[in-house]
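Here's the structure we're looking at; comments come further down.
Derivation of every value follows stated rules applied to the coordinates shown; laboratory data play no part. Since the model is a prediction, treat every value here as computed from it, not as a measurement. Backbone-built Cβ (ideal geometry, glycine too); neighbour counts: all protein chains shown.
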Amino acid sequence: MGTDAPVRVRDAFAGLQATYQDGCKPGGANCAYFLGRVADELDRLDRAMKTDGKGPGHFPEPIAWIGTLRTALKGDLGVDNLEKHRTLLLGTRDKINTWMQGHPEDYR
């Protein structure tokens, strides 16, 4: 994402939820796009949570989960590395989705 403008948590979360409308089988033609999109949406949500008026302390678990993913990816967002970490990538998305569902005030 090429903008420095702050993104609201609810907007970033909506982008992450939209990834549930897409998918791919390991090695599939759509995987580079899909896995890259999930990684991008998680990064966007991370930035939104860190700049939210409630402060990053309001979102400790999601920020930590994204940090774990970021560490595992080591900055390599190539399709081979995203495929290698597919379970962690999609698991992070799913954990954050569940967490956010328990905090509706943050996305409504």
Note, the stretch 80-96: 3J(HN,Hα) by Karplus (6.51, -1.76, 1.60, θ = phi - 60°), whole Hz, Gly/Pro = x, goes 4, 6, 5, 4, 4, 9, 3, 4, 5, 4, 6, x, 5, 4, 5, 5, 5
Dipole magnitude (debye, nearest 20) for the chain, charges at Cβ of Lys, Arg, Asp, Glu: 100
For the stretch 30-46, 3J(HN,Hα) per residue [Karplus equation, 6.51 cos²θ - 1.76 cosθ + 1.60, θ = phi - 60°, Hz, x = Gly/Pro]: 8, 5, 4, 5, 4, 5, x, 5, 4, 4, 4, 5, 5, 5, 4, 5, 4
So the angle from the long Cα axis of helix 9-18 to the longest Cα principal axis of the chain, reported in degrees to the nearest 10, equals 30
Under the definition of Cα pairs under 8 Å and six or more residues apart, what whole-number percent is the relative contact order of the chain? 33
Given Cβ charges of +1 for Lys and Arg and -1 for Asp and Glu, the option among V79, I96, F34 whose Cα lies farthest towards the positive end of the dipole of the stretch 26-106 is V79
Excluding residues fewer than 8 places away in the same chain, name every one of the lysines whose C-alpha is closer than 25 Å to that of K84. K25, K74, K95
